[in-house]
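Participant: Okay, here's the structure, questions in a sec.
Only the coordinates and a few stated rules stand behind these numbers; no lab work does. What you see is a predicted model, and the numbers here were worked out from it, not measured in a lab. Positions of Cβ are generated from backbone atoms using ideal geometry, with glycine treated the same way; all protein chains shown enter the neighbour counts.
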Amino acid sequence: MLARLLLFIILITADMLTIHGMQKLDIAINFFWLETFLNACIMALVTIFSVRIFTHFKQLKSREGLSSESLLLRSGLVAFAVETVLSLSLPLLKLSATQVSTTITCGLLFALLTTVLIHFLLLHSGEITQFNNRSLIEKIFALRGVLLLSYLFSLSLFLLLLLNIYQQQHLSNIRQSITQEQQQLALVRNGLNEHIDKAALDTRMLALQDNLQKLLTGDPEAITRLTHDYLSLATIKPAYEQIRFIDNEGIERIRVDQSSLGPIAITSKKMQDKHQRYYFTDAFKLSAGQVYISRMDLNIENGRIELPFKPIVRLATPVFDQQGEKRGIVIINLNSSALFTQLKNEAKNITGELMLLNDEGYWLFGRERDAAWAFMFPRYKDRTIDKYYPGIWPKIKTDQRGYIMTSDGYFIFDTISISHHNTLDTDQTRSSSEPQRHEWKLISLASDEDFSAAYRNMLPPLIMFFILTSIITGIGTLLYFRIQRKHLTAQQKIEQLAHYDQLTGLYNRNLFIELLELQLAQSRRKNEALAVIYMDLDQFKPINDQYGHQAGDYVLQQAATRMREVLRDTDSIARLGGDEFAAILPSHGTRRQLSIIAQRVITSMQQPIHFNGQTINMSISIGIAIHFKGQPLESLLHEADLAMYAAKRSKNVHFKYADELPTTSE
């Protein structure tokens with residue numbers, strides 16, 4: 001038991017170290033079969049080496065009839081098979097466990113299964129009938145069982161291999177799909193950035209206009225020319241919902257709005273004070289050349305959200321006069337409906353559901369029915385992404401790009417950084433008083449089914465391949481079984497000719513002598529008694545002469561049949577030649593029980609035999625020799641033979657014991 005425990009400890013330690021080493025090698029996932037093969041080979045060698053050491057120091061002993069070389073080979077095969085099955089099975093279970101716990105689990109299962117199988121299949125001292133001592137039918141059934149188990153085991157390994165290939169292709173396809181999805185999101189991000197950058201460039205251009213500088217110097221006609229410029233720009237770019245110049249006191253000086261009839265200039269009477277609005281205060285803090293980009297929200301007119309919704313992004317930059325004094329801001333209200341139209345067009349190239357969220361986790365695009373623009377409505381303030389998909393927002397908010405796998409699907413995300421820094425002035429630094437940057441999150445929510453179309457197409461070919469392989473290997477196994485069955489039948493016939501009497505089916509003299517030697521050795525080892533009875537038919541020659549040789553052969557067959565009926569299955573019966581028979585009786589019991597057996601044989605032989613309408617009577621003489629310690633084989637047979645001849649000479653007694661004969665009779 002201690003040796004088996006030590007073997008278990010060695011195997012679990014070696015398996016865990018091997019798995020850890022393979023993980024360090026970082027073999028590509030497409031070559032999982034190579035990692036499986038290397039693991040199995042290493043563990044087979046470790047098992048062979050460990051069993052060899054234990055058997056060398058006699059801590060483990062192979063079962064009877066199993067050579068040491070066969071023990072080592074079979075131990076290695078057991079370890080190889082167990083490690084292969086575990087390596088191919090565990091990845092299919094998709095256990096949500098850490099790498100360490102998976103390694104420990106695999107090592108524990110391998111060591112336990114391997115130790116148990118080696119104990120019961122190769123070391124356990126249970127009584128097992130040797131293959132060579134089985135009948136032909138038993139050998140054929142054993143061969144059928146071994147081939148069936150081998151076929152099913154090989155088929156199971158092949159199925160596990162195909163399932164692993166299918167799973168690895170699935171994972172590879174998902175990784176490839178995620179990469180493609182990330183590339184598409186990057187294109188969408190670049191497109192949105194380009195759209196906003198163009199508006200930012202127009203904002204900087206408006207801040208540098210000559211007409212604006214002339215307005216700041218007091219030119220009375222500059223405001224008319226500047227209004228015309230704003231109208232022209234609004235006509236060219238209808239996405240510009242408003243274009244305004246607001247002075248340093250927050251008062252609108254020029255304002256052009258989009259209307260259903262096109263851009264219109266707002267009169268001075270309708271100009272508003274904006275000095276308390278966040279976009280004015282934030283933009284007025286910037287330095288020259290910097291552009292403020294606001295968060296996206298819905299346009300509000302007269303204190304109410306305008307319908308239909310108009311998503312607005314405000315881009316503003318400070319205006320300086322020729323003396324470098326800050327005199328106000330130029331601001332463009334960008335109608336983001338064009339951005340959403342662009343998103344809808346780009347969504348056709350996106351596998352999953354495309355969404356755009358602000359930096360607080362509110363939907364700007366997507367979830368239009370229940371969650372879009374929820375931050376604009378006080379009663380819907382809780383409708384963030386964290387409400388619908390708990391736990392994913394912190395990672396999405398923290399990382400610039402990546403993906404998260406959840407039960408709801410794969411969240412693939414990218415970041416659009418919205419900053420007051422213009423792309424043309426990225427080297428400028430920002431003071432602590434300047435407004436903070438904010439971000440939009442592009443997210444594609446794709447389910448496993450969205451990524452499954454490509455790899456599902458390979459499932460039917462794999463199924464057909466498995467079925468065809470099963471059929472072909474099944475036919476091959478069946479043909480091999482038939483060949484081996486013919487071989488066993490031929491071998492059985494050869495054994496019959498070499499070891500059995502062809503007339504009676506009993507053992508012949510050669511095999512009887514071998515069996516007697518084995519029984520003598522076993523009786524000495526177990527210190528048990530052994531008896532040999534020598535039998536000879538009386539007056540057998542006259543039967544041949546009177547009734548013919550066919551009748552004589554029939555009598556011999558009937559005598560053999562009756563001996564089998566009287567003697568036990570554990571007794572070995574042989575025809576030594578002519579009309580002489582012998583039997584080995586191991587564990588025969590007492591001398592009285594042995595006499596009862598002999599008398600039953602005699603009584604059975606005295607029953608008439610009917611052949612071709614004729615009745616043949618016969619009798620038998622028996623000599624009995626009981627083995628005692630130190631008696632040689634030849635002496636035992638000789639004593640039984642002498643006792644049989646003594647019984648034959650006696651007229652009233654049909655069996656004699658060798659130890660009852662007078663010494664002069666020898």
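Participant: For helix 591-605, what angle does its Cα long axis make with the longest principal axis of the chain, in degrees from 0 to 90 and rounded to 10?
Facilitator: 80 degrees
Participant: Further, regarding this structure: Would you work out which of 380, 396, 529 lies farthest towards the positive end of the dipole of the chain? Charges go on Cβ: Lys and Arg +1, Asp and Glu -1.
Facilitator: So the residue furthest toward the plus end is 529.
Participant: Normalised by the residues of the chain, what does the relative contact order come to in percent, with Cα pairs under 8 Å and at least six apart?
Facilitator: Worked out over the chain, it gives 9 percent.
Participant: Can I ask one more? Is the shape of segment 451-500 rounded, prolate or oblate, going by the alpha carbon gyration tensor and its root eigenvalues a ≥ b ≥ c, with a/c under 1.5 for rounded and a/b larger than b/c for prolate?
Facilitator: prolate
Participant: Quick one: grab Rg to one decimal and Dmax as a whole number for segment 1-116, Cα atoms only, in Å.
Facilitator: 14.8, 46
Participant: Restricting the count to DSSP beta bridges whose residues both fall in segment 500-665, what percent are antiparallel, rounded to a multiple of 5?
Facilitator: Beta bridges within segment 500-665, antiparallel portion: roughly 85 percent.
Participant: Okay, next question. Past the 48 angstrom mark, what percentage of all C-alpha to C-alpha distances in the chain do you count?
Facilitator: 55 percent
Participant: Sticking with this one: About the Cα centre of the chain, what is the dipole size in debye to 20, counting +1 per Lys and Arg Cβ and -1 per Asp and Glu Cβ, all else neutral?
Facilitator: Roughly 920 debye for the chain.
Participant: Still on this model: Among 618, 278, 520, whose Cα lies farthest out toward the positive end of the dipole of the chain, if unit charges sit on the beta carbon of Lys, Arg (+1) and Asp, Glu (-1)?
Facilitator: Final value for the positive-end residue is 618.
Participant: Looking at segment 199-336, what % of the alpha carbon pairs are farther apart than 26 Å?
Facilitator: Cα-Cα pairs of segment 199-336 separated by over 26 Å account for 15 percent.
Participant: Also: Across segment 46-108, what fraction of all alpha-carbon pairs, as a whole percent, falls in each successive 5 Å bin from zero upward?
Facilitator: So the P(r) values, bin by bin, are 3, 15, 21, 17, 12, 12, 10, 7, 3, 0.
Participant: Shifting gears a bit: Calculate I(q)/I(0) for segment 575-653 by the Debye formula, one identical point scatterer on each C-alpha and no solvent, and give its log10 at q = 0.14, 0.15, 0.23 Å⁻¹ to two decimals.
Facilitator: -0.56, -0.64, -1.28
Participant: In percent, what relative contact order does segment 2-128 have, based on Cα pairs under 8 Å that are 6 or more apart in sequence?
Facilitator: 39 percent
Participant: Say the dipole of the chain comes from +1 at the beta carbon of Lys and Arg and -1 at that of Asp and Glu; which of 347, 153, 89 then lies farthest toward its positive end?
Facilitator: Going by the charge dipole, the pick is 153.
Participant: Beyond a 18 Å Cα-Cα separation, which of these cross-linked pairs lie in this structure: 214/269; 348/397; 310/344; 198/237; 237/270?
Facilitator: Violating the 18 Å Cα-Cα cut-off are 214/269; 348/397; 237/270.
Participant: Cα convex hull of segment 500-665: how many Å³ per residue?
Facilitator: Hull volume normalised by residue count: 113 Å³.
Participant: Report, by chain and number, residues whose modeled amide H sits under 5 Å from the one on residue 620, excluding near sequence neighbours (fewer than 5 apart, same chain).
Facilitator: Under 5 Å from the amide H of residue 620: 538.
Participant: Counting only C-alpha contacts under 8 Å and six or more residues apart, can you give the relative contact order of segment 199-336 as a whole percent?
Facilitator: 28 percent
Participant: Share of antiparallel DSSP beta bridges in the chain, in percent to the nearest 5?
Facilitator: 95 percent
Participant: Further question on the same structure: Assuming 0.36 nm per residue, please report the length gained on full extension of the stretch residue 73 to residue 468 beyond their Cα-Cα distance.
Facilitator: 139.0 nm
Participant: Something else now. Given the rule -39500 (n - 2.57) for each run of at least 4 DSSP H residues, summed and divided by the residues of the chain, what is its mean residue ellipticity at 222 nm, to the nearest 500 deg cm²/dmol?
Facilitator: The helix contribution divided over the chain gives -17500 deg cm²/dmol.
Participant: Between the helical axis of 99-118 and the dominant principal axis of the chain, each derived from Cα atoms, what acute angle in degrees is found, rounded to the nearest 10?
Facilitator: 10 degrees
Participant: Then there is this: Dipole size in debye (nearest 20) for segment 180-240 around its Cα centre, Lys and Arg Cβ +1, Asp and Glu Cβ -1?
Facilitator: Roughly 40 debye for segment 180-240.
Participant: Considering all alpha-carbon pairs of segment 255-391, what whole percent are spaced by more than 20 angstrom?
Facilitator: Every Cα pair in segment 255-391 considered, those over 20 Å come to 58 percent.
Participant: Estimate the FRET efficiency between residue 281 and residue 180 by the formula 1/(1 + (r/R0)^6), using the beta-carbon distance for r and 41 Å for R0, to the nearest 0.05.
Facilitator: The calculated FRET efficiency here is 0.40.
Participant: Any idea what angle helix 32-56 forms with the longest principal axis of the chain, computed on alpha-carbon atoms, 0 to 90 degrees, nearest 10?
Facilitator: Rounded to the nearest ten degrees, it is 40.
Participant: Report D for segment 450-554 in µm² per second (integer): Stokes-Einstein, Kirkwood Rh on Cα pairs, 4 °C, 1.567 mPa s.
Facilitator: D = 63 µm²/s.
Participant: Okay, next question. Straight-line reach from residue 395: which lysines have a Cα under 19 Å away, not including same-chain ones fewer than 8 places off?
Facilitator: 387, 441
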